[in-house]
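A short worksheet on the structure shown next.
The values are calculated or read from the model by the stated rules, or taken from the named source; none is laboratory data. For clarity, every value in this text was computed on a predicted model and none was experimentally measured. Cβ coordinates were reconstructed from backbone atoms using ideal geometry, including for glycine residues, and neighbour counts include every protein chain displayed.
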There are 2 protein chains.
Amino acid sequence: MSARPENYPTHTLDHLEDPEHGIRVPVTRITQDPAPSGAENPPVTVYRTAGPGCAPEEGLAPLREDWIRGRGDVEAYTGRSRSLEDDGRSAVRRGEASAEWRGARREPLRGLEGRRVTQMHYARRGEITAEMRFVALREGCDVELVRSELAAGRAIIPANVNHPEAEPMIIGRAFLVKVNANIGNSAVTSSIAEEVAKLEWATRWGADTVMDLSTGDDIHTTREWILRNSPVPIGTVPIYQALEKVNGDANALTWEIFRDTVIEQCEQGVDYMTIHAGVLLRYVPLTANRVTGIVSRGGSILAGWCLARHRENFLYEHFDELCAIFARYDVSFSLGDGLRPGSLADANDAAQFAELDTLAELTARAWEHDVQVMVEGPGHVPLHLVRENVERQQELCHGAPFYTLGPLVTDIAPAYDHITSAIGATEIARYGTAMLCYVTPKEHLGLPDRDDVKTGVITYKIAAHAADVAKGHPGARDRDDALSRARFEFRWRDQFGLSLDPQLAEQYHDETLPAEPAKTAHFCSMCGPKFCSMRISQDIRDTYGDMPAQERIALEGMEAKSREFREQGGTVYLPSRSVPARP
Amino acid sequence: MSARPENYPTHTLDHLEDPEHGIRVPVTRITQDPAPSGAENPPVTVYRTAGPGCAPEEGLAPLREDWIRGRGDVEAYTGRSRSLEDDGRSAVRRGEASAEWRGARREPLRGLEGRRVTQMHYARRGEITAEMRFVALREGCDVELVRSELAAGRAIIPANVNHPEAEPMIIGRAFLVKVNANIGNSAVTSSIAEEVAKLEWATRWGADTVMDLSTGDDIHTTREWILRNSPVPIGTVPIYQALEKVNGDANALTWEIFRDTVIEQCEQGVDYMTIHAGVLLRYVPLTANRVTGIVSRGGSILAGWCLARHRENFLYEHFDELCAIFARYDVSFSLGDGLRPGSLADANDAAQFAELDTLAELTARAWEHDVQVMVEGPGHVPLHLVRENVERQQELCHGAPFYTLGPLVTDIAPAYDHITSAIGATEIARYGTAMLCYVTPKEHLGLPDRDDVKTGVITYKIAAHAADVAKGHPGARDRDDALSRARFEFRWRDQFGLSLDPQLAEQYHDETLPAEPAKTAHFCSMCGPKFCSMRISQDIRDTYGDMPAQERIALEGMEAKSREFREQGGTVYLPSRSVPARP
């Protein structure tokens, strides 16, 4: 099976190798043209997911299968019997799902009775798994950092034993900030083929995990196609499918129906699940006078259930049973923020922070079972209140990875909420959020199409990368510097090749200066051919560049500045003034 | 002449009136549908520029003419004689500019000999001008705040006496954050008609000022068309035209040619000019080993000039003469940051901060002439170094308004630099930057077209607004709250009408749910008709909303939470932890 198409002619699929352990990590190698002086510019290697292949009906090779079985603590078993109801009422009516998965089917695996097969469990026992080696190579860090962060709960590797196709990746604040893309059909629109195409597309542009939020027909079969084709961890919100099984009547939900749905998804290979166990009965009234009430779909299902039955949330009451299930498949919790604010007006309110207290309690309970946990965060938050969200979550949840949706920093720009939320996302990631859930231009308005998915992913790659740079993550700025050097040397093709979206950058350039020679020409459309600021800079460099800094500065009578220059080193001036409020 | 078309059927042009002083300030009135309960939703009034009319060949009415003449300190005079060389070599060759301005021509005005006619001058004398009343009404603040901020130099009203068409606006950190849009032809592409259309278009979407950065042919005539049609202040970079007059040979530039160009533009009505007087000879070597050298076009022209002649920058040496000229027309300085960083690698370096020291010195010198000043800032800056830029500028320049380009927080996303820069722009505005220069998706790649101008302006309206909200600017969140209420009540038309881009929001919505009834339907495409989180929230409100908060909370056994709720009020929890560096 061939790998996915490359994004640009200067890109090739390469691998980082750990031959001793049989590990090969895919990377994108971006070659560069030489400098005008003839000096070589070394290739730049960047993180990538190898991505789905070209034959969705076959699925991907089970990369992790030998690692999983090699640990000797799982068993294959017959599995829960499949029911057409798993695919919803229209499948029952038709007598079949509309696009049955016909690729390879494996018997599901689970941990042997009493065994915990989670990455956290191995990490806590001091064992280095192949998955840990894979992510250490991928992140360019020591494997011991991976192990210790997993053991402490500050990072997770979402890796269900039934999703051997996934290339291991890590989510934690000591590692690169990750991006999740949501896909999924809904009651209103879209097909299985479209969802698989969106998965391939989102991964191609850099999504690190994908959530399948399907709520319509063929929900089980859609997920099977997605999992068998996904090289990234897949997350779901199982309450969506459970609700389908009770014909959309939230009051009819039971723990048993929910548990059965969770097991169905564990056996399919879902890597992490959003569980809204923090929506407690006593928190529901706190939302009554909000401007936008409860905007989380899962949160409102459970609030409705609590309200109708006047009973405590069954997910909270059965949380330990859930942990026991997750521990046998290595499914990670994504503890849902069902009471997140849906507007600036509701940000950081009593309902939101009450739920966060409970999520912190649940984090500790999951860790008792060696189950991996991340915690979801908002939402809509004005910029000055964003930082508090991550610092409070990190403190209360003892560093469990934070996974936020945006947040959006204004409510007035529907159709541009990828931007309103990228602003908040960069801020929250800068202070320690480990993964960002993308927002597309269609947020609040409709379901994203292919273009929206791409725009959402790239916008969030920007946010994640800008946060990596701001955090001083080792090597994060290398690609920026390479692109800036290409810009200074008018290596246009390298500017495109090093960018997040080479085709679009080239297309925009060509709209103004379409001729092929322009790509190597020593000018651009901003200044035109007869004047060029870059050329003057080159003259300055030719004049002064080879002089030792001291001589260069002394030459122009810059003694004072020279001292400042030397004294500053890399350090920065940080006055403690803030902006006075309006008088 | 009719006003520009409205952006949406629920928008109308309205006016805030000060009949005593004959002042009418245009605003957009956005009407809303009633709530489902039948309760009225009051209209929302938002800041707007009335905008150019529909007949560009006539130009706008001279709104300010009586105010200017009424102060009795200006004289009309013959003015500098016009030369075809003002329009460049091809105009000379042809014997005419390509689209001569044929609308009304007024004799230029200037301050009487020895008189300073700047808004700062009146403010310092304690005089309230009509322009100050106009902006106070526009900003919804006391006119004394306007006067005192102008007098202190912390705000400017760019308002050349020869641009009476402009609706006065204020730039300062105590006021709404403003957005500038750049337009202008270049040596490579575009026409006068296109530039006037871009002006109308940028203003329609919310640009508060426009800079004409033309560098190609017909530079004088293009500017005349723009000024006569511009309801917003117009800024320029006069060195661009001066360079045209010496056939692009920077070494041939002289103070005399520059001064003549400045007077030409003062007489036309340019409201603020970028002057790169801080690019000193001794700073030039500091840029030699930068990754991207000097990226400011004006900065590199002057650095090249200094380098070639080995003399001090003539703009610095003649700065007081420039001040004397500006004082007679009320042209504001925009002190250019010719040494701004063009890449993350060069941010906050010795060259940049050396120039800022000089800009601070020049600010004080301009103030001695009662000339209004703002100071330009970068550029490309990693997020963690952004705040330092504005705090340092505010401190050194005694609160003179800061006007920044972005900054871009990563270099790796050409074609998305409206987004990379909006992230930095929001951060820098939050800490006190008064005006943001937009960046379009074509930045670094080519010249923006109509769509790019719109995308750039709206992206920057988001950044400016998010900063206003984060600063706690009075009333800034009102529009967010109104839109969020419309969202909660499924008033789709009001969600569109209250958004920054009503048409696009409606179009995106209609792509998924095109039928007209969907716009009032009580569901959306995210959850579909059979389940709706908003409906559950309404049930919660119906159950608890009318109870006093205390009873509501007590009901669910929330004594502890209730205390927290009461104690919190609007205050927030701010732990002092920061993210630990990677171990």
Among the residues of the stretch B:184-226, write down those that are within 14 Å of chain A (Cβ to nearest Cβ), in contact with a Ser or Thr (Cβ under 6 Å, 6 or more places away or on another chain) and within 24 Å of B:A55 (Cβ to Cβ).
B:G184, B:N185, B:S214
Taking the conditions exactly as written (farther than 19 Å from B:M273 by Cα, in contact with an Asp or Glu (Cβ under 6 Å, 6 or more places away or on another chain) and of a type outside the set (D, E)), does B:I412 satisfy them or not?
yes
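Of everything in the stretch B:165-183 that's part of a strand (DSSP E or B) and either more than 17 Å from B:L405 (Cβ to Cβ) or touching a helix residue (DSSP H, G or I) at 6+ places or on another chain (Cβ under 8 Å) (or both), which residue is nearest to the other protein chains (Cβ to nearest Cβ)?
Among them, the one singled out is B:G172.
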Failed condition for A:R311, given (1) surrounded by fewer than 24 Cβ atoms within 10 Å (Cβ to Cβ); (2) within 30 Å of A:M120 (Cα to Cα):
(2)
The stretch A:434-463, residues that are of a type in the set (S, T, Y) and touching a Pro at 6+ places or on another chain (Cβ under 8 Å):
A:T440, A:T455
Restricting attention to the stretch B:314-335, the residues that are buried (at least 20 other Cβ atoms within 10 Å of the Cβ) and among the acidic types (D, E) number exactly 1
For B:R290: the one exception among (1) crowded, with 23+ Cβ neighbours inside 10 Å; (2) assigned to a helix (DSSP H, G or I)
(2)
Of (1) surrounded by fewer than 22 Cβ atoms within 10 Å (Cβ to Cβ); (2) more than 21 Å from the chain's Cα centre (by Cα), B:I192 satisfies all except one. Which?
(1)
Would you be able to say whether some residue in the stretch A:130-143 is surrounded by fewer than 17 Cβ atoms within 10 Å (Cβ to Cβ), within 14 Å of chain B (Cβ to nearest Cβ) and either part of a loop (DSSP other than H, G, I, E, B) or not small (G, A, S) (or both)?
yes
Restricting attention to strands (runs of 3 or more DSSP E) lying wholly within the stretch B:1-97, give those where 2 or more residues are over 29 Å from B:G206 (Cα atoms).
B:74-76
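Just to be sure, is B:T363 of a type in the set (S, T, N, Q) and at pLDDT below 95?
no
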Go through the stretch A:72-106 and give me each residue that's over 30 Å from A:G248 (Cβ atoms) and either over 29 Å from the mean Cα position of the chain (by Cα) or buried (at least 19 other Cβ atoms within 10 Å of the Cβ) (or both).
A:G72, A:D73, A:V74, A:E75, A:A76, A:Y77, A:T78
For A:R487, all conditions in the list (1) within 7 Å of chain B (Cβ to nearest Cβ); (2) under 18 Å from the mean Cα position of the chain (by Cα); (3) within 30 Å of A:D542 (Cα to Cα) hold save one; what is the number of the exception?
(2)
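Listed here are the residues, each with its yes/no results for (1) within 14 Å of another protein chain (Cβ to nearest Cβ); (2) within 29 Å of A:R64 (Cβ to Cβ).
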{"residue": "A:R228", "(1), (2)": "no, yes"}
{"residue": "A:V232", "(1), (2)": "no, yes"}
{"residue": "A:G235", "(1), (2)": "no, yes"}
{"residue": "A:I239", "(1), (2)": "yes, yes"}
{"residue": "A:K245", "(1), (2)": "yes, no"}
{"residue": "A:N251", "(1), (2)": "yes, no"}
{"residue": "A:Y272", "(1), (2)": "no, yes"}
{"residue": "A:R282", "(1), (2)": "yes, no"}
{"residue": "A:L286", "(1), (2)": "yes, no"}
Cβ-Cβ below 7 Å, separation at least six or inter-chain, first residue in the stretch B:145-158 and of a type in the set (S, T, N, Q), second surrounded by 24 or more Cβ atoms within 10 Å (Cβ to Cβ): which pairs?
none
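Being touching a residue at least 40 places away in the same chain (Cβ under 8 Å), in a loop (DSSP other than H, G, I, E, B) and in contact with a Gly (Cβ under 9 Å, 6 or more places away or on another chain): is that true of B:L500 here?
Yes: the conditions hold for B:L500.
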Taking the residues in the stretch B:233-275 that are in a strand (DSSP E or B) and hydrophobic (A, V, I, L, M, F, W, C) as candidates, determine which candidate is farthest from A:D542 (Cα to Cα).
B:I234
State the number of residues belonging to the stretch B:410-429 that are touching a residue at least 60 places away in the same chain (Cβ under 8 Å) and either part of a loop (DSSP other than H, G, I, E, B) or in contact with a Gly (Cβ under 8 Å, 6 or more places away or on another chain) (or both).
2
Lone qualifier among A:G399, A:G432 - being over 23 Å from B:A467 (Cβ atoms) and touching a residue at least 40 places away in the same chain (Cβ under 8 Å)
A:G399
Residues being within 13 Å of B:R340 (Cα to Cα) and not in a helix (DSSP H, G or I) - total across the stretch B:374-408:
13
So which of B:G338, B:G299, B:G278 is assigned to a helix (DSSP H, G or I), crowded, with 23+ Cβ neighbours inside 10 Å, within 14 Å of chain A (Cβ to nearest Cβ) and under 24 Å from the mean Cα position of the chain (by Cα)?
B:G299
When (1) on the phi < 0 side of the Ramachandran plot; (2) modelled with pLDDT of 95 or more; (3) not β-branched (V, I, T) are applied to A:E194, the one that fails is (2)
Considering each of A:D478, A:D494 in turn, give the residue that is more than 7 Å from chain B (Cβ to nearest Cβ), surrounded by 21 or more Cβ atoms within 10 Å (Cβ to Cβ), out of contact with any Pro (no Cβ under 9 Å at 6 or more places or on another chain) and modelled with pLDDT of 95 or more.
A:D494
Unmet requirement for A:V371, which otherwise passes all of (1) at the interface with chain B (Cβ under 9 Å from one of its Cβ atoms); (2) assigned to a loop (DSSP other than H, G, I, E, B):
(1)
